[in-house]
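The values are calculated or read from the model by the stated rules, or taken from the named source; none is laboratory data. Here the structure is a predicted model, which means the values were calculated and not measured. FYI the Cβ positions are ideal-geometry reconstructions off the backbone, even for glycines, and counts take in every protein chain you see.
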Amino acid sequence: MDIMKIFRKLSATILFLLLSATLVGCQNDHIFRYGATRPNLFGDSFLVVGDSRSGDNIYQEIVRSISSSLSYADCLIHVGDMIEKPGSQARWEKFLNMTTPISQGMPWYAVVGNHDVGSISSQEMYQSVMDSPSDQLYYSFNLINSHFIILDTEIPGQEGGIVGEQLTWLRQDLQSYASSAQYLFVFMHRPVFPQGHYRSHDLANAQELHQLFMQYGVDAVFAGHEHQYYLYQKDAIAYIVTGGGGAPIYDGGLGESYHHFLLIELLPSETINIHVLDVHGNIIKTEVVTTR
């Protein structure tokens, strides 16, 4: 394991122990739950946040929580709608400045959302400010014995679906990496099967995607767009929506309505712990997903 990663995790553990010691006897349950956020010391983990938009105060608090006590995570993925309106250079600069405490400590990856692009020019701006690793806004990478796939639900003329060249690329990418990765994760902005505020507004080719994910053993699919949290299990795939990064909260359907972000912990037993954290880094709930 990387020495700096071990150091960061040990530092977080020391902080956890100090807080636990100084809070003995405190009656404030909110504070007690802070200590519970420490995951397995040497386990692999990553963070997911979505839909920060113009909720700067909320997003900055999440960034502070991550940089102060969760910096041992292996990476962060933002599932889109980083800004409110596409095409604003100033707004992108502000978002990137707010994210600096994270980007200085760990790799982070962006999923494009419908509030991030809305035209060819705004897409070109997005590619420029985000230093996109691909000519397209869909790509993949390997990390912590896992394969991560980033998809684009906002291609002009193809919004709300994964079709055409992107679908062909997705199929080839899954075929190339499915057998070698311990875990397969997919990220997109719009949910495949929304169960919250936008329930019944499935992606255009939702069933086709689900069958493809089943065929290649995808473990979990993360999305935003609905400003809620929920886990929807369909067959052997966990569909997770996390849209609590700062934008106004939605209600409806299966969604739980509060600002939040996620810490995903990968256990050796092929089990995934989904820690739902409030903006201060306290555990709201933990859900366990057993992979195939």
- prompt: When you scan the range 166-180, how many residues do you find that are buried (at least 18 other Cβ atoms within 10 Å of the Cβ) and at pLDDT below 95?
  reply: 0
message: Show the residue pairs meeting these rules: Cβ distance below 7 Å; 6+ apart or different chains; first residue within the range 52-77 and over 13 Å from Gly105 (Cα atoms); second residue polar (S, T, N, Q) and part of a loop (DSSP other than H, G, I, E, B).
response: Tyr59/Ser52
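Picking from Tyr198, Tyr138, which residue would you name as being hydroxyl-bearing (Ser, Thr, Tyr) and farther than 26 Å from Cys75 by Cα?
Values: Tyr138 fails: farther than 26 Å from Cys75 by Cα.
Going through Tyr198, Tyr138 in turn, just one is hydroxyl-bearing (Ser, Thr, Tyr) and farther than 26 Å from Cys75 by Cα: Tyr198.
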query: Quick one: which of Ser132, Ser71 is farther than 28 Å from Gly43 by Cβ, part of a loop (DSSP other than H, G, I, E, B), modelled with pLDDT under 95 and out of contact with any His (no Cβ under 7 Å at 6 or more places or on another chain)?
result: Ser132
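Can you report the number of residues in the range 255-292 which are in a strand (DSSP E or B) and either hydrophobic (A, V, I, L, M, F, W, C) or at pLDDT 95 or above (or both)? Write out each step before concluding.
We begin by selecting, within the range 255-292, every residue in a strand (DSSP E or B); these are 256, 261-267, 271-277, 283-290.
Still in the list and also either hydrophobic (A, V, I, L, M, F, W, C) or at pLDDT 95 or above (or both): 256, 261-267, 272-277, 283-289.
Residues that pass the stated criteria total 21.
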task: Specify the residue that is farthest from Pro191 (Cα to Cα); the eligible residues are those in the range 74-100 that are among the hydrophobic types (A, V, I, L, M, F, W, C) and assigned to a helix (DSSP H, G or I).
output: Ala90
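Residues are listed down the side, and each one gets a yes or a no for (1) under 19 Å from Tyr232 (Cα atoms); (2) part of a helix (DSSP H, G or I):
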{"residue": "Gln127", "(1), (2)": "no, yes"}
{"residue": "Gln136", "(1), (2)": "no, no"}
{"residue": "Ser140", "(1), (2)": "no, no"}
{"residue": "Leu170", "(1), (2)": "no, yes"}
{"residue": "Asp173", "(1), (2)": "no, yes"}
{"residue": "Ser180", "(1), (2)": "no, no"}
{"residue": "Phe185", "(1), (2)": "yes, no"}
{"residue": "His189", "(1), (2)": "yes, no"}
query: Any idea how many residues of the range 78-95 are surrounded by fewer than 20 Cβ atoms within 10 Å (Cβ to Cβ), of a type in the set (D, E, K, R), in contact (Cβ under 8 Å) with a residue 24 or more places away in the chain and farther than 20 Å from Met106 by Cα?
result: 2
- request: Tally the residues that are modelled with pLDDT of 95 or more and touching a strand residue (DSSP E or B) at 6+ places or on another chain (Cβ under 7 Å), restricting the search to the range 219-254.
  value: 20
message: Filter the range 205-245 down to the residues that are surrounded by fewer than 24 Cβ atoms within 10 Å (Cβ to Cβ), in contact with a Gly (Cβ under 6 Å, 6 or more places away or on another chain) and assigned to a loop (DSSP other than H, G, I, E, B) and list them by number.
response: Asn205
